[in-house]
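Read the structure below first, then the notes.
The values are calculated or read from the model by the stated rules, or taken from the named source; none is laboratory data. Not measured: the values here are computed from a predicted model. Here the Cβ positions follow ideal geometry from the backbone for every residue, glycine too, while neighbour counts run over all protein chains shown.
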Amino acid sequence: MEFSNEIQQTPFLQLVSQRKSIRRFNEKKLKREDILTCLEAARLAPSAENAQPWRYLVIDDPDIKKRFANEAFSGIYSVSKFAQKAPVLILVMARLNVITHRVGKQIQNIQFHLIDIGISGEHLVLQAEELGIGTCWMGWFSTRKTRKFFSIPKKFKIAALLAMGYYDKKPSRKRKRKQIKEIVWFNKMDSD
């Protein structure tokens, strides 16, 4: 089946296709209103049973960010030190006392809070892209040191870190993506 001729090129698809993970940021400070606009997009995301488990800790004070980065990106996590140059780091967490997520994990063996956070976080990074702000999803940092640094209670699950800032130079490389025919079936599944 040929899919490419049937795909409509929309402004949203253009936005999604131009978004890339940014690891080099310039020093220009982000406006608080732009950060809040991105967080508003995240807040509006759907979630299982409307539980809205996401919680965001914005780290935009340069001194706090520097001290935090020295802890979170130390030792085996040092490959993530590029993020300390981002003007803003956002810690992505989930509040785990939500019955939907606990029951869902037990019955379906699916951690719905991670799906919910993924949707919310992606809303945030796409809004940032529309504003010309670069982002990078990060999972390689010390969650233990992060929890200790900010005295985060155990009822919050640390899921990810987002680096945000204006890019020094947007990467021009194209990432190889699977063709749509490699990932989609209609009405029945092929044996591949």
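Among the residues here, Ser74 does not qualify as out of contact with any strand residue (DSSP E or B) (no Cβ under 8 Å at 6 or more places or on another chain), more than 18 Å from Val125 (Cα to Cα), hydroxyl-bearing (Ser, Thr, Tyr) and free of Cβ contacts under 8 Å to residues at least 24 places away in the same chain.
Considered as a group, the residues in the stretch 91-114 that are crowded, with 16+ Cβ neighbours inside 10 Å and β-branched (Val, Ile, Thr) include one that is modelled with the lowest pLDDT, and that residue is Val98. Listed conditions (1) under 23 Å from Arg32 (Cα atoms); (2) in contact (Cβ under 8 Å) with a residue 60 or more places away in the chain; (3) buried (at least 20 other Cβ atoms within 10 Å of the Cβ); (4) not polar (S, T, N, Q) are all met by Trp137, apart from (3). Phe141 meets the conditions (1) assigned to a loop (DSSP other than H, G, I, E, B); (2) over 27 Å from Pro87 (Cβ atoms) in every case but one. The failed one is (2). Hey, can you tell me all the residues within the stretch 38-51 that are under 18 Å from the mean Cα position of the chain (by Cα), surrounded by fewer than 17 Cβ atoms within 10 Å (Cβ to Cβ) and not basic (Lys, Arg)? Result: Glu40, Leu44, Pro46. Screening the candidates Val58, Val92 for the property of being in contact with a strand residue (DSSP E or B) (Cβ under 7 Å, 6 or more places away or on another chain), without any contact (Cβ under 8 Å) to a residue 40 or more places away in the chain and not in a helix (DSSP H, G or I) yields one hit, Val58. When the residues of the stretch 10-47 are narrowed to those that are among the small types (Gly, Ala, Ser) and farther than 30 Å from Lys188 by Cβ, which ends up modelled with the lowest pLDDT? Ranking the qualifying residues of the stretch 10-47, first place goes to Ser21. Here Ala128 passes the criteria (1) closer than 26 Å to Pro153 by Cβ; (2) of a type in the set (A, V, I, L, M, F, W, C); (3) at pLDDT 95 or above except the one numbered (1).
Only one entry of Val88, Val58 meets the criterion of being buried (at least 17 other Cβ atoms within 10 Å of the Cβ), in contact with a Gly (Cβ under 7 Å, 6 or more places away or on another chain) and β-branched (Val, Ile, Thr), and that entry is Val88. Candidates Lys29, Lys66: the one that is among the basic types (Lys, Arg), over 17 Å from Trp137 (Cβ atoms) and either within 16 Å of the chain's Cα centre (by Cα) or in a helix (DSSP H, G or I) (or both) is Lys66. Of all residues in the stretch 22-38, those that are in contact (Cβ under 8 Å) with a residue 12 or more places away in the chain have Cβ atoms under 6 Å from Cβ atoms of residues that are in a helix (DSSP H, G or I), 6 or more apart or on another chain, in Arg23/Phe82; Phe25/Lys85; Cys38/Leu124; Cys38/Gln127; Cys38/Ala128. Out of curiosity, is Ile7 under 17 Å from the mean Cα position of the chain (by Cα) and either surrounded by 13 or more Cβ atoms within 10 Å (Cβ to Cβ) or within 30 Å of Phe186 (Cβ to Cβ) (or both)? When the stated conditions are applied, Ile7 does not pass them. In the stretch 105-124, how many are in contact with a helix residue (DSSP H, G or I) (Cβ under 8 Å, 6 or more places away or on another chain) and either assigned to a strand (DSSP E or B) or among the β-branched types (Val, Ile, Thr) (or both)? Result for the stretch 105-124: 2.
Tallying residues that are loosely packed, with under 10 Cβ neighbours inside 10 Å and part of a loop (DSSP other than H, G, I, E, B) within the stretch 180-189 yields 5.
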